[in-house]
1. Mind listing whichever residues of the range 490-525 are in contact with a Gly (Cβ under 9 Å, 6 or more places away or on another chain), of a type outside the set (Val, Ile, Thr) and under 16 Å from GLY174 (Cα atoms)?
2. Being surrounded by fewer than 20 Cβ atoms within 10 Å (Cβ to Cβ) and either among the small types (Gly, Ala, Ser) or touching a Pro at 6+ places or on another chain (Cβ under 6 Å) (or both) is the filter here, so list the residues in the range 498-516 that pass it.
3. Could you check the range 570-621 and list, in sequence order, the residues that are of a type in the set (Phe, Trp, Tyr), open to solvent by 40 Å² or more (accessible area, probe 1.4 Å) and touching a Phe, Trp or Tyr at 6+ places or on another chain (Cβ under 9 Å)?
4. How many residues are touching an Asp or Glu at 6+ places or on another chain (Cβ under 7 Å) and part of a loop (DSSP other than H, G, I, E, B) when one looks only at the range 469-495?
5. Considering only the range 185-197, I want to know if a residue exists there that is of a type outside the set (Val, Ile, Thr) and closer than 16 Å to SER66 by Cβ.
6. Take residues that are at pLDDT 95 or above and closer than 14 Å to ILE179 by Cβ and tell me which of the strands (runs of 3 or more DSSP E) falling wholly in the range 54-162 contain 3 or more.
7. Tally time: how many residues in the range 217-268 are in contact with a helix residue (DSSP H, G or I) (Cβ under 6 Å, 6 or more places away or on another chain) and either free of Cβ contacts under 8 Å to residues at least 40 places away in the same chain or open to solvent by 30 Å² or more (accessible area, probe 1.4 Å) (or both)?
8. When both residues are 6+ apart or on different chains and their Cβ atoms are under 7 Å apart, which pairs have a first residue that lies in the range 343-365 and is farther than 30 Å from VAL304 by Cβ, and a second that is hydrophobic (A, V, I, L, M, F, W, C)?
Amino acid sequence: MKTAKGFRGRYFSLAAIAVTVSCVNLMATEASVTAHERRDALQGVQQADEEQLEDIVVDSAMPTPSILKNITSDVTIITSEQLEENHYHDLIEALRDQADIQVVQNGGVGQTSSFTLRGMHAKYVVVLLDGIRLNDPTNPSAYAQLERFSLADVDHIEIVKGAQSGVWGADAAGGVINIVTKKGEKGLHADIGVMGGSDNTYHGETALSYGTEQYDIKAGFAGLKSDGIPPREVSTFDAGDTERTYYVKGGVNLPMQTRLEGSYRKIVSDFDYDAGWGETSQKASGSSDIDLFGAKLTHRHEAVTLTLHGSGSRFDRDYFDAEYKGHDYSGGLTGSFAYDQGSVDAGYIYREAELERYNDADSDGKLENNAVFAALTHRVDEIGLLVNAALRYDDFKNYDAKTTGKIGMRYTLPFLQKVALRANVGTAYRVPSLYERYGDGQYTLENVNVRPEDTTSYDIGLEGYGLKVTGFYNEIEDMVTYVMDPVTYQGRYENLSGTAELKGVDISFAHALPMLLSYVSVGYTYTDAKDADDNRVLNVPRNRATLEWSLYPMDHLRLVFGAEYADERPAYGGAMLDSYTVCRAALTYDTDRYGTFFVKGNNIFDEDYTLVEGYNTEEASFFAGWNYRY
């Protein structure tokens, strides 16, 4: 399958960011371009981009990689160029610039975090790195620790919205976020980057790779150290954070159109946090050790592709002077048959997740399931119709079997070839986390009768000429919540009766402004999220908007200005958090021989805002750095 490239061989994002990418590459390589020629280039690249968008490869929307024109689901891609232009240093920064994602964090860098996607809590979203699950079984709700993942060696990030259990099984009720790392390249290459700035924050990374026609290998390291900020409003100390990421990956091309690939990534973290209660402050230290590994063997014969794959993630963290340990392993076989109008996929997957230790005590919490699945992509080119369908059966050891699926259609209007209508419907579920089922034997009691939560998801949209409008509606039944005995202060997780409803609209628009030598993209999401008792879901703003303006005033120079707005939203205890607007900027200068120099600022107007009641957020912060590639 062709790997999609943009203008002059670079990756493109979706319409909201693709032209920016192309313009940066064009202006960094054409040293003699005049202002008038740059205006023409912006207009020309936008037209070229619209033709290239259809060939973007998405790994996580269907069981096998698919090009964008063969996907009906609502997908956003954050490309490596956008990551580099904004000089994000972790996953949290990148996701905050998405209008339909609200990220919250208990303080500054390295502190615990969570997020919602279209109002759906992080526990309803499967987060992956190259298809390896990052959802942490030692977390009480089993969602991914975004604060632990740097963007070292990351090529792009895929965000697939809506129910995806028909492809990914348990927990993909709200969508999938897949972090895709960079592929091997031919020849010898070296990368180095450094950054430093506010709060004594220092970041560095380096990588070395080598590739031939027969094999490729890459190894690298990234590290971050920061004094941090006081995590809570009453904290009497700065919470420091140290992160180290080590990775190695490679592949070899074997005879008979067969390829073997493997990867390993280790993330080691040491961090401070405030263990105080109420108005007291108590400095404490914790650590986290995450291992991610995967391998796959792919064989192609004419129209048939067979892939044998296995992956795993291990989590070991110390928090509040106790050890938490667990893992998530999976493996299986996938087959794909391509024909003129589409493709058919089918396969088998085995998954095991285990909570080995919780709060320094051994745990017998374990989840096992066997799954079979099938998927269809079919095009009727004569009438501009595309159909996606997926069906999956999961047989669990401790729960009733689940059958989920999705179906979607995309129709290109015959009188407006660049405008398309699309609609999707899917069913999904979330199994209770191992902590929710087995408890800790102290404050949370075991409840083996707690049931999976069921979700139905609908969306309908219109897209074309840089504009995308999507209406969405999600229902969640049998929501799992903690019920405490006010006398013993013990409790357990139970299913609530009733149906939670989360609905709204996503709007994005992107357009080149050649006369201003710039490119602008805006996003807006309205979300009406209510639980089964008709109460607003916590930390979900009804209105959220983002803006990104990229300016190319001269050769080799680019300026990016961004803004994020969220209106008031409910917090724990009945409080309402105020609305806020946070702005950022980055200035980058590319040289022909000495690499790339940049400065960037976060919260540049020093907005005083709150993401979590009682916790601090980053003040105005400024950084400078340098990147070089050989």
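The values are calculated or read from the model by the stated rules, or taken from the named source; none is laboratory data. Given the structure is predicted, the values throughout are model-derived calculations rather than measurements. As a convention, Cβ positions derive from the backbone with ideal geometry for all residues, glycine included, and neighbour counts pool all protein chains shown. Note: areas computed on protein heavy atoms with side chains; ligands, DNA, RNA excluded. Shrake-Rupley method; radii C 1.70, N 1.55, O 1.52, S 1.80 Å.
1. Residues satisfying the conditions are LEU502, LYS503, GLY504, ASP506.
2. Across the range 498-516, the qualifying residue is only GLY498.
3. Hits for the range 570-621 are TYR589, TYR594, PHE597.
4. Qualifying residue count, the range 469-495: 2.
5. From the range 185-197, those of a type outside the set (Val, Ile, Thr) are 185-191, 193, 195-197; that's our starting set.
Now narrow it down to the ones that are closer than 16 Å to SER66 by Cβ: none.
No, there is no match, as no residue in the range 185-197 is of a type outside the set (Val, Ile, Thr) and closer than 16 Å to SER66 by Cβ.
6. Numbers: elements: 75-79, 101-105, 113-117, 125-129, 154-161.
Output list reads 125-129, 154-161.
7. Here the count works out to 1.
8. Close Cβ pairs (under 7 Å, with a partner that is hydrophobic (A, V, I, L, M, F, W, C)) amount to ALA353/LEU367; ALA353/LEU434; LEU355/LEU434; ASN359/ALA322; ASP360/ALA322; SER363/LEU355; GLY365/LEU355; GLY365/LEU434.
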